[in-house]
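Read-outs: derived from the displayed coordinates by stated rules, not from any lab. In this text the structure is predicted, and so the values were computed from the model without any measurement. Neighbour counts are summed over all protein chains in view; Cβ atoms, including those assigned to glycine, are modelled from backbone coordinates with ideal geometry.
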Amino acid sequence: MKKTASVLVAGFAMCFISCKNTTSNADTSKTMGLLQLSNGTPTPGDSLLIKYSSDTKMADIEALFYYMVQDKPYPEDIHFKDNKTDLEATIHIPDSATALTFLFKNDNKIDDNKEAGYVLPLYTEDQQRVVGSGASMGLFYLQRAKAHGITTVAKDSALTLIQKDLEEHPELNNEWEQTYVRYLEPHNQEKAKKYMEARIAHYNSISTPTEKEYNSLVRLHRLNRDKTIQDSLISVVVSKFPMGTLAKQEANYAFYKTKELDEKKDILKAYEASFGKEIRERDYMMIGLAQEAIKEKDYETALAYFNDLNDPSKAVGTLNNVAWELVEKGEKLDFAEKLSKRSLDLISENLHHLDKKPTYLSRNQYKNSLEANYRIYADTYALILFKQGKVKEAISYQTKAIGDGKSTDVNERYLDFLMADEQYNTVVQKASEFVKNNAATEKIKEALRQSYMQINKEDKAAKANFATLLTNLEAAARATTLSEIKAKLINEEAYNFSLQNLDGKEVSLASLKGKTVILDFWAIWCGPCKASFPGMQQAVDNFKDNSDVVFLFVNTMENGSFDQRKDKADKFIKDNNYTFNVLIDQPDAEGSRNFITSKNYDISGIPTKIIIGPNGKIRYKSVGYHGNNAKLVQELELLVEVLKS
């Protein structure tokens with residue numbers, strides 16, 4: 001994002017003072033980077049005038065603020081007005097809020113305010129920080145610092161903010177204890193265990209605990225891995241509060257634990273008798289029974305379950321998944337069409353009722369999420385229509401499914417439909433775009449070739465002209481990818497790991513000094529990880545004669561002992577004929593969910609690829625897999641080239 005200097009225009013301070021809920025003779029405005037606030041010590045319940053100084057057009061700015069209520073963030077969109085000097089908006093701070101944060105993005109580039117972000121506490125009328133404000137800020141840094149580009153607050157400092165508030169205001173512990181433990185344990189296990197033991201002792205000292213206090217005690221024992229005590233407590237709580245939250249959870253757990261269909265039906269019947277039919281968990285049980293009916297090919301019963309949901313929107317994902325499985329198998333296409341169309345209709349209905357959004361999304365985030373899901377489900381529906389012979393309808397829905405054109409699978413199906421309808425000119429136009437934007441596969445390039453040759457079948461120079469066209473498109477794609485890579489380069493410290501590979505040899509980062517090291521964090525249970533492996537194998541093969549490039553595949557986040565994890569990884573690699581050098585990540589304690597190397601590389605999801613340059617620094621990080629092995633291979637080749645130079 002291009003930035004301009006912040007300038008206070010004449011009358012700005014006067015406007016700020018008049019816009020406050022409270023009156024003051026002093027100018028209380030505050031400037032944070034490109035953001036200007038009418039009040040630097042805002043109070044819950046205030047309306048706050050904000051100005052954002054940027055030469056970016058208002059239409060290109062994505063802006064929102066989070067108001068924290070203790071340990072819960074609530075995002076709200078910011079609706080700017082353009083006053084020709086700055087972007088201006090008024091936001092309302094809810095009475096229950098404890099802290100505020102702002103996020104400004106332009107073309108997915110975050111304004112990180114020099115890596116400090118836009119985070120501020122809220123204050124009482126007498127200018128004291130609101131109770132819990134520091135803890136809310138600390139949690140925000142732990143949860144969202146990376147997403148907001150914030151690097152100036154270390155994890156231990158963020159945890160200290162929470163700890164300080166809990167010590168100064170002990171009443172906050174009841175609300176914060178679970179959140180605090182979840183973030184403290186990976187950082188300091190011993191301290192987390194002492195804190196849990198202190199909280200458990202607190203609840204045990206209460207002579208007649210309430211249901212809420214009992215539930216907190218159960219959750220603490222679960223976090224502390226005291227399963228025997230936890231199970232005993234659950235029995236007590238369910239007995240004392242048979243209509244309570246834990247009783248509902250246990251009935252729901254029993255439903256999913258049993259494999260017997262008749263037993264599932266009995267549990268649902270008993271659940272409805274005890275808690276009624278308007279309970280959220282009841283819908284999920286109904287969806288589960290619908291899935292069981294589909295397994296038995298009892299489609300009418302499945303439809304009856306789907307049609308009896310209190311909130312049909314809960315089933316949209318299941319409807320799509322079942323429809324996709326059926327169309328892939330070529331089975332019951334009429335039934336699959338009903339399910340798929342229902343999923344699209346439900347999404348469309350939700351798009352017309354954005355006020356029903358979940359609290360963890362802003363209105364725009366919810367809308368974007370629904371639109372993204374609509375494209376996914378439209379892809380399913382289009383394929384069903386195509387297999388039913390409804391080609392033109394299929395093209396209509398696949399056009400909606402394409403979105404930004406980055407999904408190669410969706411692009412391939414779109415071109416398949418167009419080819420079947422003999423729309424060769426459109427194939428050439430769209431396939432050229434896909435190739436140029438690096439969203440093409442060999443199949444897409446072949447569709448482009450066939451269509452081009454069909455259109456130019458009378459031209460003797462068609463073959464040579466097509467070769468030139470493809471070369472130019474691929475050169476443009478390469479230039480685009482190279483530009484994207486350079487824009488995303490970083491220069492961060494790399495953790496000096498030492499891990500054992502499948503041959504029992506220790507491999508350390510220190511021993512690879514001066515080389516380009518490509519780390520791929522993966523797990524056997526991770527579908528996208530495995531989907532990317534054919535491309536990664538090609539990349540490994542391409543660099544097999546280059547001793548300056550090293551690929552290491554770090555198996556992490558797996559259950560079991562070291563030997564069990566090693567044996568499973570070894571079997572998977574051999575079964576699939578991969579020639580990967582696999583390292584086995586180690587948990588920080590036996591049975592722990594926290595793995596040392598992935599933790600030190602801040603791995604929050606897999607697959608994640610970390611590229612360490614010859615200078616020993618992290619130069620690039622990529623999370624996820626987007627279904628394009630050709631692009632993956634090209635990116636790795638370009639990265640090696642860039643880092644070498």
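Oblate is the label for segment 234-392, because a/c, from the alpha-carbon gyration tensor with a ≥ b ≥ c as root eigenvalues, is 1.5 or above and a/b does not exceed b/c.
Which aspartates and glutamates have a Cα less than 15 Å from the Cα of residue 314, not counting those fewer than 8 places away in the same chain? List returned: 278, 281, 283, 345, 349.
Distant-in-sequence amide contacts of residue 153, defined by a placed amide H-H separation under 5 Å and a gap of 5 or more residues or a different chain, comprise nothing.
Test of understanding: what is the full-extension gain from residue 479 to residue 458, defined as 0.36 nm times their sequence separation minus their Cα-Cα distance?
Using 0.36 nm per residue and subtracting the Cα-Cα distance, I get 4.3 nm.
Remark: for residue pairs 544/568; 387/488; 297/568; 212/264; 109/155; 109/463, the C-alpha separation exceeds 30 Å in 387/488; 297/568; 109/463. The charge dipole of segment 265-350, taken about the Cα centre with unit charges on the Cβ atoms of Lys, Arg (+1) and Asp, Glu (-1), comes to about 60 debye, rounded to the nearest 20. Summary value for the chain: 7 percent relative contact order, contacts being C-alpha pairs under 8 angstrom separated by 6+ residues. In terms of the Cα gyration tensor, with a ≥ b ≥ c the square roots of its eigenvalues, is segment 510-558 rounded because a/c is under 1.5, prolate because a/b exceeds b/c, or oblate? Since a/c reaches 1.5 but b/c is at least a/b, the shape of segment 510-558 is classed as oblate. May I ask for the net charge around residue 247, where only other residues with Cβ less than 12 Å from the Cβ of residue 247 are counted and Lys, Arg are +1 while Asp, Glu are -1? Once all neighbours under 12 Å are counted, the net charge is -1. Under the criterion of Cα pairs below 8 Å and six or more residues apart, the relative contact order for segment 12-153 equals 21 percent. Extension gain for residue 178 to residue 110 (0.36 nm times residue separation, less C-alpha to C-alpha distance): 21.4 nm. Matching the structure-derived semi-axes √(5λ) of the Cα gyration tensor in Å against the labelled list (1) 40, 28, 25; (2) 42, 35, 31; (3) 43, 31, 24 gives the label (2).
Across segment 518-534, computed HN-Hα scalar couplings (Karplus, 6.51 cos²θ - 1.76 cosθ + 1.60, θ = phi - 60°) run 10, 9, 10, 7, 8, 8, 5, 6, 8, x, x, 4, 5, 5, 7, 5, x Hz from first to last residue, x flagging Gly and Pro. For the chain, adding -39500 (n - 2.57) for each run of n ≥ 4 DSSP H residues and dividing by the number of residues yields -16500 deg cm²/dmol at 222 nm. Restricting segment 586-645 to GluC sites (Glu not before Pro) that sit in a DSSP loop and have at most 16 other Cβ atoms within 10 Å of their own Cβ leaves 590. Residues whose amide H comes within less than 5 Å of that of residue 69, counting only those at least five positions distant or on another chain, are 74, 98 (H built at 1.01 Å from N in the peptide plane). When the Debye formula is applied to the Cα atoms of segment 422-470, each taken as the same point scatterer, what base-10 log of I(q)/I(0) results at q = 0.16 Å⁻¹? Results for segment 422-470 at q = 0.16 Å⁻¹ read -0.38. Straightening the chain between residue 128 and residue 328 buys 65.8 nm, computed as 0.36 nm per residue apart minus the Cα-Cα spacing. Which distance in nm do the two modelled labels at residue 492 and residue 433 give, with both placed 7 Å along the Cα-to-Cβ direction? Going by the 7 Å Cα→Cβ label model, 3.5 nm. Close amide-amide hydrogen proximity is noted between residue 524 and no other residue 5 or more places distant or on a separate chain, at a cut-off under 5 Å (H modeled in the peptide plane; Pro and chain starts excluded). Suppose a student asked you for the relative contact order of segment 565-645, using Cα pairs under 8 Å spaced at least 6 residues apart; what percent would you report? It comes to 16 percent, rounded to a whole number.
For segment 576-592, putting each phi into the Karplus relation 6.51 cos²θ - 1.76 cosθ + 1.60 with θ = phi - 60° gives couplings of 9, 6, 8, 10, 7, 8, 9, 9, 9, 5, 10, x, 6, 7, 4, x, 6 Hz, in residue order, rounded to whole numbers and with x for Gly and Pro.
With a simple spin-label model that places each label point 7 Å from the Cα along the Cα-to-Cβ direction, the separation between residue 168 and residue 638 comes to 4.9 nm. With θ taken as phi - 60° and the Karplus curve 6.51 cos²θ - 1.76 cosθ + 1.60 applied, the whole-hertz 3J(HN,Hα) list for segment 561-571 is 6, 4, 5, 5, 5, 5, 5, 5, 5, 4, 5 Hz, x standing for glycine and proline. Distance between the modelled labels on residue 204 and residue 508, one decimal in nanometres: 4.4 nm (7 Å Cα→Cβ projection). Decide, for segment 12-153, between rounded, prolate and oblate: order the square roots of the alpha carbon gyration tensor eigenvalues as a ≥ b ≥ c, take rounded if a/c falls under 1.5, and otherwise choose prolate if a/b is larger than b/c, else oblate. Oblate.
Taking Lys and Arg as +1 and Asp and Glu as -1, the other residues whose beta-carbon sits under 10 Å from that of residue 315 total 0.
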